[in-house]
1. Heavy atoms only, probe 1.4 Å: what % of the accessible area of the chain goes to carbon and sulfur, would you let me know?
2. In debye to the nearest 20, how big a dipole does the range 16-131 give about its Cα centre with +1 on each Lys and Arg Cβ and -1 on each Asp and Glu Cβ?
3. What dipole magnitude, in Debye to the nearest 20, does the chain give about its Cα centre under +1 on Lys/Arg Cβ and -1 on Asp/Glu Cβ?
4. Cα-based Rg of the range 277-415 per 2.2 N^0.38 Å, rounded to two decimals?
5. Counting only complete DSSP H runs, which helices of the chain cover 15 Å or more along their long axis at the Cα atoms and score a mean Kyte-Doolittle of 1.0 or above?
6. For the chain, report the accessible area per residue in Å² (1.4 Å probe, heavy atoms, rounded to an integer).
7. State the extension gain, in nm to one decimal, for the chain segment bounded by PHE142 and ARG310, taking 0.36 nm per residue of separation less the distance between their alpha-carbons.
8. By per-residue mean of other Cβ atoms within 10 Å, what is the highest-first order of 377-386, 361-370?
Amino acid sequence: MTLTVDEAGLALADPKAYADDRRLHEACALLRRESPVHRVEGPGYNPFWAVTKHADVLEIEREHTLFLNAPRPLLATAEMDELNRTRAEQGIALRTLVHMDDPDHRVVRAIGADWFRPRAMRALEPRVRELARRYVDRMVGFGGECDFARQVAAHFPLYVILSLLGLPESDFDRMLKLTQELFGGDDDELQRGASNEEKLEVLMDFFAYFKDLTEARRAHPTDDLASAIANAEVDGKPLNDFDTASYYVIVATAGHDTTSATIAGGLQALIEHPDQLDRLRADPALMPLAVDEMIRWVTPVKEFMRTATRDYELRGTTIREGESVLLSYPSANRDEDVFDDPFRFDVGRDPNKHLAFGFGVHYCLGAALARIEVAAFFEELLPRLRSIEPAGTPENIATTFVGGLKSLPVRYSLA
Ligand code: HEM
């Protein structure tokens, strides 16, 4: 059966489509070819324009004073959009960096930006390596077979984030569950419950945890990121409770599932392309390029949205003031106009101008850290790996936002 462009557009708002790479990429390829700025009007969602070409995603992100993150920074159901709007009016909405625009965004981003400087990240590298080694050792402990996504990839990046924030390891399980409930919101297996009340409850649990942490760090500041956030001042005043909690939420969540998805998806790609695995093992200097290729290949963040503040013409289509556009990162990262043979996994791909970290003023704050984590993990794993093969059917998360593998059963032999 042939897919129509309208069906392809609807796939971009269907969490299940993101759990099926072939279906998603078939839809994206059709849209890029036949309707690169496509209006999507699906049941349950407010209408939006799906933007699927690399150049157009760049153009919208570059025009950050015309296309704002507020009030609709990412795709949600019409019901959730409405709920978020009401909560924002009441001043009780989650307000992270991705919900903000300038001038607030610039000021609040600066609080964390110091922490994520490459120099600060390099200082963190030995700790990241130590954790990577611990997880590879753990794979040995599993006795040659494990669910790599669930038992390894989901844990290691969270440990790194907890270290960065200065949280105790004893909170690991609680944070893992909360993050997955928050980001796996559309996945039957991961979500706490389907109702908006249950989704709100997850957020409130997060807030409660971080409120206690803020109080502790204000009373006894240390040199961790949590202290920097808790004691930050904007215009001489501390951040309010919601903005403070929102900062923790963005760091704890944005820095976790994204990197987990890259490590699991990266390993899957290496297993499926043994020539690339051999090439990387033979030439470890390729690692930085391989890491970016894994990030492009997986593209864990599926979309962000922007809303037009005035009429704007994009590729001959007029986007009206007040209308929203969905930036499709997986599609931009397979754009035939930018990537040579985009469906080839190539650990030596250079140049690799992927948009998996976004672009411009909202460019991922944790990009340097994410690259260090992924590189450290594979630098620990590959020299010890004798063999690896699938041991079951992999499964992806059903979500329109941050996705990737939730299960990757593997059988292996490690030195
Ligand atoms: C491979 C892993 C990761 C990917 C693919 C990724 C992707 C993204 C994307 C697409 C954005 C939005 C950019 C835009 O709107 O232009 C973003 C923003 C952000 N990311 Fe990441 N991210 C990753 C890892 C991390 C890590 C490890 C952290 C922190 C520990 C982090 C923290 C953030 C923050 C704080 C923002 C908000 C920046 C802003 O709005 O100013 N991310 N990320």
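The values are calculated or read from the model by the stated rules, or taken from the named source; none is laboratory data. Everything quoted here is computed from the prediction, not taken from an experiment. Cβ placement follows ideal geometry from the backbone for every residue including glycine, while neighbour counts extend to all protein chains displayed. Just so you know, the surface numbers come from the protein's heavy atoms only, side chains and all, with ligands and any DNA or RNA stripped out. Shrake-Rupley method; radii C 1.70, N 1.55, O 1.52, S 1.80 Å.
1. Reported share for carbon and sulfur atoms: 52 percent.
2. 480
3. Working: 48 positive and 69 negative charges, 190 e Å.
Result for the chain is approximately 920 debye, rounded to the nearest 20.
4. The range 277-415 yields a ratio of 1.27.
5. Membrane-span-like by this rule: 367-381.
6. 43
7. Value of the extension gain: 54.8 nm.
8. Final packing ranking: 361-370, 377-386.
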